[in-house]
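A.B. asks: Here you go, one structure.
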C-alpha cells in the first residue's frame, strides 16, 4: 500500500532525511520511530505530499498520490488540527465532507463514534472547551470517520488516560483487522511492542533499524542484563541506561558492549555485591536508547 524508496530532504544546511526506504502492506501497523528531530515528521509529510522530496520516490496505493488517493488517507498529526472556536459535531462533519463523505452519512456514522468515545453529550460544545484528552479523541474520530484505507497517526495516545488508551488500542487493532495499513509514530515504546508488526528507527535522518519487531529484538539479545544485588549500579562503562524495577537492576547496554566486561566492572566496584547476573531480552526502550546514544550507531538499516 505504501512504497518509499531512497527518500531524502534537505532544509538549507540541514539534511532532515537521508536515503530512507520502507514498505507498508495492508494489515500492517508500522512503527516509525526516532528521537526528536530525527526526521520522522518530515518523512510523513513527504509521504502525504505536503513536502516534495529532493530525491527518492513515494508510491501510495500503487502510484503517485492524487486527490482520490488523499481522500483514502486518515492523518492524525501530533499538533491538533481542529477548529477550536467551532462546535465539535459540526467540525467533524465538515472534515469528513472534505474527504468526500456525504453530510447525512457522516452524521449517522459520527453518532456511533461519539458514543463509543464518550463524547456524545459534548457534541455541541466548542472544541476549545474540551479537555486535552477529549480533543485527542475528537482528533481520532476525524482521522477515522471516513473509513480510510491508510492511517497515519503521530502520537495517538497523547493526553489519554489508561482507560481511553486501551479503547484507542482496540480501535487501531480493529482498523488493522479490516485490512487498513497503519503508520504510527510515537515515543511510547511499550505501545509499539504491543501493536506494531514492523518498525523503522530513524536517527539524524538515517534509517538505523528496520524489520519485524521480534527479529529486531532477537538481534539485540545480549544487549541488556538483569542484576540483583546491593551497591551502586550507576555509571558503569558500556551501559547506556540503568533502571530499577521489580526488585532488580535492568542495564541497557551500548551497542557492542560486552556483558562480561560489565560483570567484571561490577565485581571490581567497591561495596557492590552481585547476587544474580543474567542476560535479559531487551525492550524496545533499551534498543532505542542504545542505538541513539551509541557513537557507533549504524548508518544503514540493520534489517532489510
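A.B. asks: What residues of segment 31-51 lie in the reach of a label at residue 64, counting those whose backbone N is under 18 Å from a point 7 Å from the Cα along Cα→Cβ?
C.D. replies: So the set is 46-51.
A.B. asks: So, one more: Looking at the chain, send over the antiparallel percent of its DSSP beta bridges, to the nearest 5.
C.D. replies: 70
A.B. asks: Can you give me the C-alpha center-to-center distance between segment 151-198 and segment 38-81, rounded to a whole angstrom?
C.D. replies: So the separation of the two Cα centres works out to 19 Å.
A.B. asks: As a test of the formula, what do you get for the chain when each DSSP H run with n ≥ 4 contributes -39,500 (n - 2.57) and the sum is divided by the residue count, at 222 nm and rounded to the nearest 500 deg cm²/dmol?
C.D. replies: Values: 10 runs with 100 residues, N = 304.
Taking each H run of at least 4 residues, the total per residue is -9500 deg cm²/dmol.
A.B. asks: Continuing with this model, one more query. Using only Cα atoms and rounding to the nearest 10 degrees, what angle (0 to 90) does helix 103-116 make with the longest principal axis of the chain?
C.D. replies: Helix 103-116 and the main axis of the chain meet at about 40 degrees.
A.B. asks: Could you put 89, 241, 215 in order, starting from the residue whose Cβ has the fewest other Cβ atoms within 10 Å? Each step should come with its number before you reach the end.
C.D. replies: On the way: 89 20, 241 16, 215 13.
Exposure proxy ranking, most exposed first: 215, 241, 89.
A.B. asks: To continue, here is another question. Could you grab the Rg to Rh ratio for segment 2-210? Cα atoms only, Kirkwood for Rh.
C.D. replies: Values: Rg = 17.0 Å, Rh = 17.6 Å.
Reported Rg/Rh, Kirkwood definition of Rh: 0.97.
A.B. asks: Would you mind calculating the relative contact order of segment 144-275 from Cα pairs under 8 angstrom and at least 6 residues apart, reporting the percent as a whole number? Provide the component values of the computation, followed by the final result.
C.D. replies: Numbers: 148 pairs, mean separation 22.7, N = 132.
Result for segment 144-275 is 17 percent.
A.B. asks: How much length is gained if the chain between residue 132 and residue 214 is pulled fully straight, taking 0.36 nm per residue apart and subtracting their Cα-Cα distance, in nm to one decimal?
C.D. replies: Numbers: separation 82, 0.36 × 82 = 29.52 nm, distance 3.38 nm.
Residue separation times 0.36 nm, minus the Cα-Cα distance, leaves 26.1 nm.
A.B. asks: Calculate how large, on average over all directions, the projected area of the Cα convex hull of segment 222-280 is; give the answer in nm² to one decimal. Write out the running numbers ahead of the final one.
C.D. replies: Working: hull surface 13.5 nm².
That works out to 3.4 nm².
A.B. asks: Measure of size requested: the Rg and Dmax of segment 145-304, with Cα atoms as the atom set and Å as the unit; please supply both.
C.D. replies: Spelled out, the Cα radius of gyration and Dmax of segment 145-304 are 18.4, 63 Å.
A.B. asks: For helix 259-268, what angle does its Cα long axis make with the longest principal axis of the chain, in degrees from 0 to 90 and rounded to 10?
C.D. replies: Helix 259-268 sits roughly 50 degrees off the main axis of the chain.
A.B. asks: Could you work out the relative contact order of the chain, using alpha carbon pairs under 8 angstrom and six or more residues apart, expressed as a whole percent? Walk me through the intermediate numbers first.
C.D. replies: Working: 583 pairs, mean separation 61.0, N = 304.
It comes to 20 percent, rounded to a whole number.
A.B. asks: At a 10 Å Cβ-Cβ cut-off, how would you order 17, 274, fewest neighbours first? Spell out each step's value before the answer.
C.D. replies: Details: 17 29, 274 16.
In increasing order of surrounding Cβ atoms, one gets 274, 17.
A.B. asks: Using a basic spin-label model with each label point 7 Å from the Cα along Cα→Cβ, how many nm lie between residue 78 and residue 118?
C.D. replies: 2.7
A.B. asks: Find the relative contact order for segment 112-162 and round it to a whole percent, using C-alpha pairs within less than 8 Å whose residues are 6+ positions apart.
C.D. replies: Details: 23 pairs, mean separation 20.3, N = 51.
Taking the mean separation of contacting Cα pairs over the length of segment 112-162, I get 40 percent.
A.B. asks: Mind telling me which of 265, 106, 207 comes out most flexible in a GNM of the chain, alpha-carbon contacts under 10 Å?
C.D. replies: For the chain, modelled as a Gaussian network with Cα springs under 10 Å, the answer is 265.
A.B. asks: Separation between the residue 25 and residue 11 pseudo-spin-labels, each 7 Å from Cα along Cα→Cβ, expressed in nm?
C.D. replies: Reported label-point gap for residue 25 and residue 11 is 3.5 nm.
Every number here is computed from the coordinates shown, using simple stated rules; none is lab data. Keep in mind that this is a model prediction, so the values were computed, not measured. Every residue, glycine among them, receives a Cβ derived from its backbone with ideal geometry; neighbour counts consider all protein chains shown.
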